[in-house]
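Taking it in order: structure first as structure tokens, then the write-up.
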Amino acid sequence: MIRAVLILVVTTLFPFATWAQERVALLVGNSHYRLESLSLPNPANDAQALGAKLEELGFTVIRAIDADQSAMESALATFTTAAQNADMAVFFFAGHGVQVSGENYLISTDFTEFNASGLQNNAVTMADVRAAFEAASPDVGIVILDACRNNPFVEAGQAPPGLARASGGAGLLIAYATDPGNVAYDGSGENSVFTKALIDNIGTKGLEARIMFGRVRQQVILDTRGAQIPWVEEAVLGEHYFAGKQREGVVGVGNAYAGELALWRRISAQSDVAVFQDYIRQYPDGVFTAFAKDRIRMIERARAAGTPSGQTSAELLAGEPPERIENALAVLGFLQATRDLADATLERLSRAFDIYRMQLPNPDEASPERLYQDAARMTVFLGATTAQQLRVDIVTLSSIDRTLDIAKKALAEIEEIAKTNPDALPILEESRQDVAAIEASMATVMDRLDESRLYYQSLIDQAQSYFPEAFAEGNTDAVLPQKGLSRLEQRLADDAALFIKHVQNYTPETKGTYAWLIDFLPQN
């Protein structure tokens with residue numbers, strides 16, 4: 001608390017307004033600790049390498065390498081001043097970090113005592129970091145902690161494994177190298193697994209920050225085969241880019257799929273036949289074409305049937321949560337969901353429910369429970385369809401990555417030969433074109449994965465938020481595809497069961513991760 005106050009005092013008394021920059025980063029990398037048993041090979045490399053990448057992206061970079069507590073506090077105060085009202089401010093820490101009583105301590109190199117006093121006197125806390133961001137008030141603040149390496153603190157009984165989950169408030173995104181209670185790998189090369197993934201993705205033009213961190217999580221999960229799962233806590237408004245909005249687009253299947261999925265997400269909750277007809281015209285063999293045709297048949301059949309008899313829709317819906325009814329109708333395409341609950345009026349919901357009722361074989365069987373079950377079933381089929389695309393693209397990405405690694409190594413060898421042999425220059429140019437083509441293919445697949453990953457997660461959130469009883473243990477038979485299916489249909493049924501498992505396993509502890517990606521890893 002005292003350190004947090006000092007940061008605020010220093011900032012207030014010595015504003016140094018001329019230091020303020022548009023994009024500022026503080027990178028702390030602690031490798032060489034006073035206690036030899038604490039030393040780590042890569043944190044200093046991680047801070048240096050990421051710092052160089054951020055400088056390429058136009059950041060003013062402050063580094064604190066192998067810093068004791070005094071140096072860490074001084075760097076944090078400098079960062080606080082430099083980041084005043086910045087467009088983007090980034091704090092990165094690599095080294096040892098521990099949690100005690102729910103607080104995360106980022107350990108300085110002068111740590112020598114495995115006790116509470118040692119932590120208090122030889123660390124910077126997350127409270128200190130949050131105070132720095134509150135004082136600087138950037139448009140967006142990003143905290144990146146690669147600080148969960150296996151260490152003697154746990155063996156000494158001073159702390160549980162990993163860091164504590166902590167939100168940072170509005171405008172702050174906190175990215176952790178691994179999930180609570182688990183270990184982050186220091187890496188076999190010059191950088192940790194997490195920092196390498198960060199460096200690989202942070203410079204991609206046109207990637208919004210949250211999507212970029214999604215790629216980082218995906219890469220770490222794939223590289224460690226699920227042994228390390230990064231996670232993110234964020235309360236960020238608007239869009240923010242590390243490498244700018246301008247995208248070096250790759251024209252091809254990937255962008256076509258990205259465009260298709262983006263269009264489907266826009267229209268899937270509408271009840272206008274024309275938008276689904278337009279989708280089919282654009283994507284006659286699209287991923288969601290079958291769903292679009294079903295929507296058209298359902299809407300047309302319901303409208304041709306007229307007004308239902310028996311209880312009115314208003315009577316059937318009385319007492320049901322409006323938001324839940326609205327979302328169920330939206331999933332089935334009978335209503336455009338809104339973010340304004342004031343729009344979820346009984347009259348509006350009843351009109352849409354009338355349409356839903358009349359497309360049923362027996363409209364008198366309509367009920368909120370039937371609606372929820374139908375919406376849950378639709379969510380399962382959409383999840384299964386998206387799962388199949390995810391699996392294909394993850395296998396494809398793995399194959400392209402291996403090919404790219406071989407091509408880059410070959411290119412490096414040809415570049416060396418070409419330095420002394422002019423006859424190799426034509427081959428060198430061909431090799432560069434080959435590498436560029438492979439990189440373009442990878443960008444294509446990454447585009448597809450970005451869209452599929454986000455959509456799949458949104459379907460999980462939707463299922464858990466609005467139809468939890470349909471996904472409860474023992475209640476899932478009603479939303480699973482039936483037995484006796486063809487081989488192709490059986491694959492869809494298997495992925496439907498997998499989606500249900502992901503919904504059931506998704507907890508507050510796994511929120512902010514893509515832990516379910518483990519089930520899509522290639523088997524070899």
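The values are calculated or read from the model by the stated rules, or taken from the named source; none is laboratory data. As the structure is a prediction and not an experimental result, all values here were calculated from the model. Note: ideal-geometry Cβ built from the backbone for every residue, glycine included; neighbour counts use all protein chains shown.
Looking at 324, 265, can you tell me which residue is within 25 Å of residue 456 (Cβ to Cβ), of a type in the set (D, E, K, R) and at pLDDT below 85? First the steps, then the outcome.
Numbers: 324 fails: at pLDDT below 85.
Selected residue: 265, the only one of 324, 265 that is within 25 Å of residue 456 (Cβ to Cβ), of a type in the set (D, E, K, R) and at pLDDT below 85.
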Exercise for the section: Kindly indicate whether residue 175 is crowded, with 23+ Cβ neighbours inside 10 Å, within 26 Å of residue 39 (Cβ to Cβ) and at pLDDT below 95. Expected result: yes
Fill in the blank from the handout: Conditions (1) crowded, with 22+ Cβ neighbours inside 10 Å; (2) free of Cβ contacts under 8 Å to residues at least 60 places away in the same chain; (3) closer than 22 Å to residue 265 by Cα -> residue 383 fails only (2)
Problem - Listing of strands (runs of 3 or more DSSP E) fully contained in the range 81-124 that carry 1 or more residues being free of Cβ contacts under 8 Å to residues at least 60 places away in the same chain - result: 97-100, 103-107
Exercise for the section: Find the residue count for the range 208-236, including only residues that are closer than 14 Å to residue 198 by Cβ and of a type in the set (Asp, Glu). Expected result: 1
Handout entry: Candidate set: the range 1-30, residues that are modelled with pLDDT under 95 and among the small types (Gly, Ala, Ser); chosen: the one surrounded by the fewest Cβ atoms within 10 Å (Cβ to Cβ)
Key = 17
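Which residues, counting only those in the range 108-124, are hydrophobic (A, V, I, L, M, F, W, C) and at pLDDT 90 or above? Steps first, please.
Taking the range 108-124 and keeping what is hydrophobic (A, V, I, L, M, F, W, C), we get 111, 114, 116, 119, 123-124.
Residues satisfying the conditions are 111, 123, 124.
Looking only at the range 198-216, how many residues end up being part of a helix (DSSP H, G or I) and not aliphatic (A, V, I, L, M)? First the steps, then the outcome.
Residues of the range 198-216 part of a helix (DSSP H, G or I): 198-202, 209-216.
Narrowing further to those that are not aliphatic (A, V, I, L, M): 200-201, 210, 213-215.
Count: 6.
Residues 350, 399: which one is assigned by TED's automatic domain parsing to the domain that holds residue 289, out of contact with any Asp or Glu (no Cβ under 7 Å at 6 or more places or on another chain), surrounded by fewer than 21 Cβ atoms within 10 Å (Cβ to Cβ) and small (Gly, Ala, Ser)?
Values: 399 fails: assigned by TED's automatic domain parsing to the domain that holds residue 289.
Residue meeting the stated conditions: 350.
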Fill in the blank from the handout: Screening 358, 378 for residues that are in the same structural domain as residue 324 (by TED's automatic domain parsing), in contact (Cβ under 8 Å) with a residue 40 or more places away in the chain and under 30 Å from residue 463 (Cα atoms) leaves only 358
Handout entry: Condition broken by residue 482, with the remaining ones in (1) modelled with pLDDT under 90; (2) surrounded by 15 or more Cβ atoms within 10 Å (Cβ to Cβ) satisfied
Key = (2)
Practice task
Return a yes/no flag: does the range 186-197 have any residue that is at pLDDT below 90, among the acidic types (Asp, Glu) and touching a Ser or Thr at 6+ places or on another chain (Cβ under 9 Å).
Solution key: yes
Practice task
Quick one: residue 516 ticks every box in (1) under 22 Å from residue 396 (Cα atoms); (2) over 16 Å from the mean Cα position of the chain (by Cα) except a single one, so which number is it?
Solution key: (2)
Practice task
Answer yes or no as to whether residue 271 is of a type in the set (S, T, N, Q), in contact with a Gly (Cβ under 9 Å, 6 or more places away or on another chain) and buried (at least 17 other Cβ atoms within 10 Å of the Cβ).
Solution key: yes
Handout entry: Meets criteria (touching a helix residue (DSSP H, G or I) at 6+ places or on another chain (Cβ under 8 Å) and crowded, with 23+ Cβ neighbours inside 10 Å) for residue 100
Key = no
Practice task
Quick one: residue 336 ticks every box in (1) surrounded by fewer than 21 Cβ atoms within 10 Å (Cβ to Cβ); (2) in a helix (DSSP H, G or I); (3) in contact with a helix residue (DSSP H, G or I) (Cβ under 7 Å, 6 or more places away or on another chain); (4) not basic (Lys, Arg) except a single one, so which number is it?
Solution key: (2)
